[in-house]
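Data block below; observations after.
The values are calculated or read from the model by the stated rules, or taken from the named source; none is laboratory data. In this text, all values refer to a predicted model and were calculated from it rather than measured experimentally. Neighbour counts are summed over all protein chains in view; Cβ atoms, including those assigned to glycine, are modelled from backbone coordinates with ideal geometry. Side chains are part of the model used for accessible areas, which takes the heavy atoms of the whole protein and leaves out ligands, DNA and RNA. Shrake-Rupley method; radii C 1.70, N 1.55, O 1.52, S 1.80 Å.
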Amino acid sequence: MQNSMLLLLLSVSLFILALGVLLLSMVGRTQERLRLQRRLDGRAAGEGEEERPDQWGAMLLRALVAMERGAPAALRDAEIGPLLIQCGWRGPVPSAIFFALRLAVPVLGALIVGTVLLGNGSGGSVALLGAFVAAALGYLLPKQVLRMRAKRRRRRIADEIPILLHLLRTLFEAGLSLEQALREAGQSNPRVLPLLSQELDVALRHIGAGVDPAEALDDMARPLEVSELSDLVKMLGQMYRQGGSIRQSLMDYTELLEDRRRTQLQERIGKLSAKMTIVMVLFMFPALLIFVAGPGVVGLFRAIAER
């Protein structure tokens, strides 16, 4: 069994080595393409010119992107893209880095756990089981962490929606158009709206590139999956297409959000009171019982002992 375990670790190590060789070959091909492009542009490097570290980093990132795009469909997860966007990470580079991380963490976890268990004198079956558990946890853990981060960021975006509503209502009353109001609310208030300013900047860049404002806002809000933001985007898109004043609609929606948040706070208070009841029963009630009934019980035992 020890020999089989060592063979398994050797095979995994060879697999990691093969991945490294593949990655280096991709880096080499990317470097050759960059050199050819520089020569075509008339900016060929000299004979003794060395590559800067930032160029090597860029080539490594391109290799990771190429590796992800060339990976089979079985290794891809359709939920990762929206989760990365909800975390504020857009583009192919974050997706490629997460893809490489999700492949590397299980392998490294299995190698570390298997080696530690074998070094402690555990049997081959125990080491194999530990390596399998570590690989499974290493494959599932990055996605769970990403999901938790996305959920927390969605909650923070929802908390910024009422501030954005008040800003938009003030800006519309001042006579600004939709694009001007969004630009003023997003780019001029990064401290007030730290997360929404990033999302609005994406939509404004698409609008500046010629995309319809309603479509740009919808493309920005759809992957975030924040219901408050989706409703606001639909309202703004309807105003942009059909025209008219949106002041009353924003006021009504602001009141609706405030009522909804008041209801959520009441629900949290109700749940908190129930949780506090459990805490009081588990911790405070025994102490109170000892304090109130303790002297009587001690006196009763003393009376029984004297008899």
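Among the residues of segment 183-211, those that are free of Cβ contacts under 8 Å to residues at least 12 places away in the same chain and over 18 Å from I157 (Cα atoms) comprise R205, G208, A209, G210, V211. Under the condition of being under 18 Å from G91 (Cβ atoms) and not aliphatic (A, V, I, L, M), which residue from segment 209-241 is nearest to the chain's Cα centre (by Cα)? Residue satisfying both the conditions and the ranking: P223. Residues that are closer than 30 Å to L108 by Cβ, in a helix (DSSP H, G or I) and open to solvent by less than 50 Å² (accessible area, probe 1.4 Å) do occur in segment 147-170. F283 fulfils the conditions (1) open to solvent by 90 Å² or more (accessible area, probe 1.4 Å); (2) under 30 Å from R149 (Cα atoms) except for a single criterion, (2).
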